[in-house]
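To keep things clear, I will list the structure first and then write my remarks on it.
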Amino acid sequence: MGFNEEIKRRRTFAIVSHPDAGKTTLTEKLLLFGGAIHVAGAVKSNKIKKTATSDFMEIERQRGISVATSVMGFEYEGYKINILDTPGHQDFAEDTFRTLTAVDSVIVVVDAAKGVEAQTEKLMQVCRMRKTPVIVFVNKIDREGKDPFDLLDEIEEQLKIKVRPLSWPVGMGKRLKAVYNIFEKKLYYFAGDDKTKAEKPKEFKDLNDPQLDATLKADAAKLREDLELVEGVYPEFNLNEYLSAETAPVFFGSALYNFGVRELLESFIRIAPFPRPSAAVERVVDPFEEKFTGFVFKIHANMDPNHRNRIAFVKVCSGKFKRNTNFRHIRLERDLKFSNPTAFMADKQSIVEEAYPGDIVGLHDSGNFKIGDTLTEGELINYKGLPSFSPEMFRYIENADPMKSKQLAKGVDQLMDEGVAQLFTLTMNGRKIIGCVGQLQFEVIEYRLLHEYNAKCRYEPAQLYKACWVRPNDKAEWEDFQKRKYKSLAKDKHGRDVYLAESSYDLEMAQMKFKNLEFFFTSEF
Ligand code: G4P
C-alpha cells in the first residue's frame, strides 16, 4: 500500500464523556467489533473508580494497565483505527485536554437520561478551540431517558454546536424496539424483549414500505412521524460542516446492549477524517509531506522506581517515523534515534519499524522529553501545544524532609514535565505553588514523590482564586502593578508572568485599575 493510502485509511480519535456516561463500555464494544479484544472487561479494569480516591495501590496498578490501553489500535474493514484513551476521572481533565491535541476527531458520549453534563461541556470547549470534528453518541437508550428531540436541543444549546441526527430510536427504555440509521437507511431492531438479541438489520430505502409496519407494528407510524419532523427541522447532513466542526452528527444507542454501536462504527469510518494538517508555530504541516514530524502529547512514567524509565507518546504528524533513524529533538537541539519504538495494538505492544501520520508511537525515555516536544528530520518546527488552563485548586508545596531537598526538586520538576499538574513560583520569595484541577492530583503527586523520588512533601493551603497570565501592554502600568501586587506575582514553568488572584473581586479590581494590562485564563493568547 502506498504512503498516501496508508494515511487515508487511518482514523485517530478519542471517546470522551462525563464520568459514567458509558465511555469505557463503548470503547470496549468498539474493540470487540475490531477483534482487538475478545472478552468484555479488558478496558474496564483501567478505570480509576470514584472509590479509589485514597487507594494508591489501586491507582498504581491502574497506571500500569493504562500504558497498555493508552492507545488502542486495531484494523476494521481495511481501516486502521487508533482510539486514544482519556482518563475517566475528572481530576485528570488536563490529561484529557492534552490527548485531544493528538486526535483528528472525537466521539462524545452523552447519557440519554442525564443529558449534557458539566465535564462534557468543558471537553467540548477544547474541541471547539481546535475545530475538532465531533460525533455525539446518545447512550443508554435502553433506559428511560429524555425525549430525543429535547436531547438534541440540549446538545445544540449546551455544547454550542449544530446537530444532525443520523440515527433515530424507536421507543426508549422498556419500549425500545429499534434504531433506524438515517445515514444508511437501515433498521436495527429487536425481535422480542431480549435486548441482547438484535435481529439482522433490514434496509428500508423507502419508509412507506409496508414491511416497516410488519416489523415495527404500531411503532412504524411514530417513526415515520419523527423522521418527517427530523427532516423538516434539521438540514441535510453535510459532510463538510461536520469536518469543519460546525455540525455534530448524532447517533442513538446502548453501549451496554451493543445496540447502535456497530452502526456508529460503520458510519464513523466513512465520515470521520483521516489525519489532518497540524499547526506549528512556524507553519502548517500537511500529513502527506514526505518528511517526518511529530510531537509528544503524553508522558507515562514507569512504575518501577528502580528504572526511571518513561514512555513518551508521540503523534506522527507527517512523513514516516522509522526505527533506528536519527530525528531532531528541536528543544534540545540534538539528534536522537530510537531502537525500541513501541506500537500499540489493543492490549499488545510491539516494536514498530515504521509508523504513519495518525499513528502513536511510544518512545522509551530517560528524561529527554517534555509534553509538547517536537521531533523532525531537521526542520525547525515547534508544534503548538494546548495552552495550560488556570487550575482550580492551589497549594504551597514544602519539603518535609530537609535531607531530601534535591530529590524533591527533581521529582517536582519531572512530574511537571509529565504534565501531572502546574507549578508556579512566587517571584517574591521563590515559594512553590502547585495548581491542580482536582484533589486526587495532589494525592498522586505526594505519593509519587515518595515512591519514585524518595522525597517527602507537605502541602499548605493557598487561598487563591485563579492563575492569570498577564500581557503587559504598558510598561509603566506593568511596573506599578508589579509593585502593588508583588505578593501575588509568580512565574509559571516556562518563565511566563502569572498573577495569582486571591478572589474574583481582586481580579475585577485589577482589571478595572490596570486597563493596559490584559489578563488571560489560559497560557497561550
Ligand atoms: P464511563 O467510562 O463513561 O465512566 O462509563 P462506563 O462505561 O464505566 O459506564 C458507567 C455505568 O453505566 C456502568 O455501570 C455501565 O455498565 C453502565 N452503562 C454503560 N452503557 C450503558 C447502556 O447503554 N445502558 C445501560 N443501562 N447502562 C450502561 P456500573 O454499574 O457503574 O458499572 P458495572 O458494575 O456495570 O461495570
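The values are calculated or read from the model by the stated rules, or taken from the named source; none is laboratory data. Fair warning: this is a prediction, and the values are worked out from it, not measured in the lab. In this analysis, Cβ positions are derived from the backbone assuming ideal geometry, glycine residues included, and neighbour counts consider all displayed protein chains. Accessible surface areas use protein heavy atoms only, side chains included; no ligands, DNA or RNA. Shrake-Rupley method; radii C 1.70, N 1.55, O 1.52, S 1.80 Å.
Taking 0.36 nm per residue of sequence separation and subtracting the Cα-Cα distance, how much length would be gained by fully extending the chain between V233 and F3, in nm to one decimal?
Length gained, V233 through F3: 78.6 nm.
What is the spin-label model distance, in nm, from K222 to K131 if the labels are put 7 Å beyond Cα along the C-beta direction?
Label-label distance for K222 and K131, simple model: 4.2 nm.
Greater than 28 Å separation of Cα atoms is the criterion. Which listed pairs, K23/K217; K487/K513; K131/K186, meet it?
Over 28 Å apart, Cα to Cα: K23/K217; K131/K186.
Counting only pairs 8 or more residues apart or on different chains, how many lysine pairs in region 278-376 have their Cα atoms under 21 Å apart?
18
Enumerate the whole-percent occupancy of each 10 Å bin, from 0 to the last occupied one, for all C-alpha pair distances of the chain.
4, 17, 26, 25, 17, 8, 3, 0, 0
Within the accessible area of the chain, what % is carbon and sulfur when the probe is 1.4 Å and the other protein chains stay in place?
50
Under a 5 Å amide H to amide H cut-off, with H placed in plane at 1.01 Å, what residues pair with A248 once short-range neighbours are removed?
For A248, the qualifying residues are K162, V163, R164.
Per DSSP helix of 4 or more residues, -39500 (n - 2.57); summed, then divided by the residues of the chain. What does that give at 222 nm, rounded to the nearest 500?
-8500 deg cm²/dmol
How high is the relative contact order of the chain? Use alpha-carbon pairs under 8 Å, at least six apart in sequence, and give a whole percent.
Relative contact order comes out at 13 percent.
Over region 393-520, what is the mean sequence separation of C-alpha contacts under 8 Å (at least six apart), divided by residue count, expressed as relative contact order in percent?
30
Compute the signed sum of charges (Lys and Arg +1, Asp and Glu -1) over the other residues within less than 13 Å, Cβ to Cβ, of V412.
+4
So, R0 is 25 Å and r is the distance between the beta-carbons of E157 and S244; what FRET efficiency does that work out to, to 0.05?
Calculated transfer efficiency: 0.80.
Assigning unit charges at the beta carbon (Lys, Arg +1; Asp, Glu -1) and nothing else, what dipole magnitude in debye, to the nearest 20, does the chain show about its Cα centre?
1220
Remind me, relative contact order of region 105-204 in percent, using alpha carbon pairs under 8 angstrom and six or more residues apart?
That works out to 21 percent.
Give the aspartates and glutamates whose C-alpha is closer than 18 Å to that of K205, dropping any in the same chain fewer than 8 places away, or say none.
In chain and number order, the partners are E184, D213, D219, E225, D226, E228, E231, E236, E263, E266.
Which order do peptides 334-343, 231-240 fall in by mean Cβ count within 10 Å, highest first?
334-343, 231-240
For the peptides 140-152, 458-470, 93-105, 395-407, what is the packing order when you average, over each peptide's residues, the other Cβ atoms within 10 Å and list the highest mean first?
93-105, 140-152, 458-470, 395-407
Which value, in debye to the nearest 20, describes the size of the charge dipole of region 393-520 about its Cα centre when Lys and Arg Cβ atoms bear +1, Asp and Glu Cβ atoms bear -1, and nothing else is charged?
280
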